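Since the structure comes first, as structure tokens, the remarks are kept for the end.
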Amino acid sequence: MQYDVKDAGLAEKGRLRIEWAARSMPVLKQIRERFVKEQPLKGVTLAACLHVTTETASLAATLKAGGANVFLCASNPLSTQDDVAASLAVHDQIPVFAIKGEDTATYYKHIHAVLDANPHITMDDGADLVSTIHSERKDLLKTVIGGTEETTTGVIRLRAMAADGVLGYPIVAVNDAGTKHLFDNRYGTGQSTIDGMIRATNRLLAGSTFVVCGYGWCGRGVAMRANGLGAKVVVTEVDPLRALEAVMDGYQVMPIAQAAQVGDFFCTVTGDINVIRAEHFQAMKDGAIVANSGHFNVELDLEGLAKLSTARRDIRDFVEEFTLPNGNCVYVLGEGRLVNLAAAEGHPSSVMDMSFANQALCAAYMKRNAGSLKNTVYGVPQDIDAEVARLKLASLGVTIDTLTAEQEKYLNSWDMGT
Ligand code: ADE
């Protein structure tokens, strides 16, 4: 079996960390037990391009338990946990191609390595498998039956492909499940982004001004947690509704040109390009700390910053200092890559439990419905979303009410007024 990991000797450490994470993933555990019996992915070759973390390890093992032949590569050059990659290769015999810090050429070499397996199903976090298949590996379109997509950025890319009529196979947008984005994007990104920024800098948030660029589900989570640690939160937005929501949530809202002058910490979570540009870096206070938690490293104009800077140096792990012509320094975390995975360990397991339960069930759904879906982007079937919520509640020991017959009748009627 071929694989490419940093050091196979890290496998034992990885195994223990995977075991620790799995304790907080009861929903995926139940699905795995069911998969062992039902073999819903029997005969399926599945190529996954995901952040190679302890949580992804449980997903990969679940897919394999369901009968899939799983191949795994990283969905970001800086998010791989090398001990996890080693354990998956050594203990689970899963061909893994992922090394933390790999350069761009290796990153794409690894994507091609999993595509060489001729997958029937692709599982993406950011749509790099789909995009590579459609640009460089069109031959694979003959055998792929479908794919799933984990993240907002990937879903946007794939919907653009569907709108242009170029999407060559059906995709289920796992991100669209309520049990995914309402929890993973909000509570997962919220906690892990702050975790990454604190681990990288060991700075105090209390009393600081924390600028959050973008008030989608991730931005809402980051703002909520920064606020919870005592920071004064400033939000920048382009969408009037979201901006209004941020105002009513109690935050200051202003354009980035203004926010640049007041922030101590900055975090972009917009999914768009060049959100913080050279003129904004130039306006920042000495010592400003800048990070990105959006999927791609395009939200900070680091080229512009580099051109502008008179000096740069690594000052500690994941912290690079840029000296500006006015003598001020700004500090960029994790090369502008998603700080929660670059400088910390990504979302906590209990939230990935739901995201990856959706992934596993949607892969099985894709196999069951092979041939009957169109080449477009589908939401997660309602029954899958509801089942994940039910299983998670049960795992938490939470029970809820059910509608009485009378209540059900009332909700289905139109003639019962005052
Ligand atoms: N995306 C964000 N956090 C993650 C994690 N812990 N594992 C896999 N993908 C993630």
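Cβ contacts < 6 Å: first residue crowded, with 19+ Cβ neighbours inside 10 Å, restricted to the stretch 13-28; second residue of a type in the set (D, E), any location; separation 6+ or different chain. Result?
Between residues of the stretch 13-28 that are crowded, with 19+ Cβ neighbours inside 10 Å and residues that are of a type in the set (D, E), the close pairs are G14/D83; A21/E55; M25/D353; V27/D353; L28/D353.
Could you say which residue among K42, K64, K6 is over 25 Å from A364 (Cβ atoms), touching a residue at least 12 places away in the same chain (Cβ under 8 Å) and more than 16 Å from the ligand (Cβ to nearest atom)? Lay out the reasoning, then the answer.
Values: K42 fails: over 25 Å from A364 (Cβ atoms); K64 fails: over 25 Å from A364 (Cβ atoms).
Only one candidate passes the filter, namely K6.
With respect to the numbered conditions (1) touching a residue at least 40 places away in the same chain (Cβ under 8 Å); (2) closer than 22 Å to S79 by Cβ, which one is the sole condition not fulfilled by N326?
Among (1) touching a residue at least 40 places away in the same chain (Cβ under 8 Å); (2) closer than 22 Å to S79 by Cβ, the lone unmet condition for N326 is (2).
Give just the number: which of (1) within 14 Å of the ligand (Cβ to nearest atom); (2) out of contact with any strand residue (DSSP E or B) (no Cβ under 7 Å at 6 or more places or on another chain) does C73 not satisfy?
(2)
Looking at (1) aliphatic (A, V, I, L, M); (2) closer than 25 Å to T268 by Cα; (3) in contact (Cβ under 8 Å) with a residue 40 or more places away in the chain, which one does I171 not meet, given that it meets all the others?
It fails just one condition, (2).
Away from the ligand (no atom under 15 Å from the Cβ) and assigned to a helix (DSSP H, G or I): does that describe E102?
Criteria not met by E102.
So is E345 surrounded by fewer than 23 Cβ atoms within 10 Å (Cβ to Cβ) and in a helix (DSSP H, G or I) or not?
Considered against the rule, which asks whether it is surrounded by fewer than 23 Cβ atoms within 10 Å (Cβ to Cβ) and in a helix (DSSP H, G or I), E345 comes out as no.
Among the numbered criteria (1) assigned to a loop (DSSP other than H, G, I, E, B); (2) closer than 20 Å to N175 by Cβ, which one does G154 miss?
Of everything listed in (1) assigned to a loop (DSSP other than H, G, I, E, B); (2) closer than 20 Å to N175 by Cβ, G154 misses just condition (1).
Being in contact (Cβ under 8 Å) with a residue 24 or more places away in the chain, of a type in the set (S, T, N, Q) and more than 16 Å from the ligand (Cβ to nearest atom) is the filter here, so list the residues in the stretch 187-215 that pass it.
Listed by number, the residues that qualify are T201, S208, T209.
Please enumerate the residues belonging to the stretch 46-61 that are near the ligand (Cβ under 9 Å from one of its atoms), touching a strand residue (DSSP E or B) at 6+ places or on another chain (Cβ under 7 Å) and either of a type in the set (S, T, N, Q) or assigned to a helix (DSSP H, G or I) (or both).
T56
Return yes when V222 is closer than 23 Å to R337 by Cβ, of a type in the set (A, V, I, L, M) and in contact (Cβ under 8 Å) with a residue 12 or more places away in the chain and no when it is not. Please lay out each step first, then the result.
Details: closer than 23 Å to R337 by Cβ: yes; of a type in the set (A, V, I, L, M): yes; in contact (Cβ under 8 Å) with a residue 12 or more places away in the chain: yes.
For V222, the condition - closer than 23 Å to R337 by Cβ, of a type in the set (A, V, I, L, M) and in contact (Cβ under 8 Å) with a residue 12 or more places away in the chain - is met.
Does any residue of the stretch 351-371 turn out to be in a strand (DSSP E or B), surrounded by 19 or more Cβ atoms within 10 Å (Cβ to Cβ) and β-branched (V, I, T)?
Within the stretch 351-371, none of the residues are in a strand (DSSP E or B), surrounded by 19 or more Cβ atoms within 10 Å (Cβ to Cβ) and β-branched (V, I, T).
So, in the stretch 329-362, of the ones that are of a type in the set (A, V, I, L, M) and more than 30 Å from A311 (Cβ to Cβ), which residue ends up farthest from the ligand (Cβ to nearest atom)?
The first filter runs over the stretch 329-362 and keeps only residues of a type in the set (A, V, I, L, M), leaving 330, 332-333, 338-339, 341-344, 351-352, 354, 357, 360-361.
This time we only want the ones that are more than 30 Å from A311 (Cβ to Cβ), so: 351-352, 354, 357, 360-361.
Values: V351: 8, M352: 5, M354: 12, A357: 13, A360: 13, L361: 17 Å.
Among them, the one singled out is L361.
Among what's in the stretch 208-242 and is of a type in the set (V, I, T) and under 13 Å from R186 (Cβ atoms), pick the residue that is nearest to the chain's Cα centre (by Cα). Spell out the reasoning first.
Step one: list which residues in the stretch 208-242 are of a type in the set (V, I, T), which gives 209, 211-212, 222, 233-236, 238.
Now drop any that are not under 13 Å from R186 (Cβ atoms), which leaves 212, 222.
Values: V212: 18, V222: 14 Å.
That would be V222.
How many residues are of a type in the set (G, A, S), under 19 Å from the mean Cα position of the chain (by Cα) and assigned to a helix (DSSP H, G or I) if we restrict to the stretch 78-99?
1
Can you pull out every residue in the stretch 356-386 that is closer than 19 Å to L59 by Cα and in contact with a helix residue (DSSP H, G or I) (Cβ under 7 Å, 6 or more places away or on another chain)?
F356, A357, N358, Q359, A360, L361, C362, A363, Y365, V380, I384, D385, listed by residue number.
Scan the stretch 1-39 for residues that are over 23 Å from the mean Cα position of the chain (by Cα), farther than 30 Å from L393 by Cβ and not in a helix (DSSP H, G or I) and report the count.
So the answer is 4.
Condition first: closer than 23 Å to A60 by Cβ, within 16 Å of the ligand (Cβ to nearest atom), modelled with pLDDT of 95 or more and assigned to a helix (DSSP H, G or I). Can you find one or more residues in the stretch 141-151 that meet it?
no
The values are calculated or read from the model by the stated rules, or taken from the named source; none is laboratory data. Note that the structure is a prediction, hence the values are computed from the model and not measured. Every residue, glycine among them, receives a Cβ derived from its backbone with ideal geometry; neighbour counts consider all protein chains shown.
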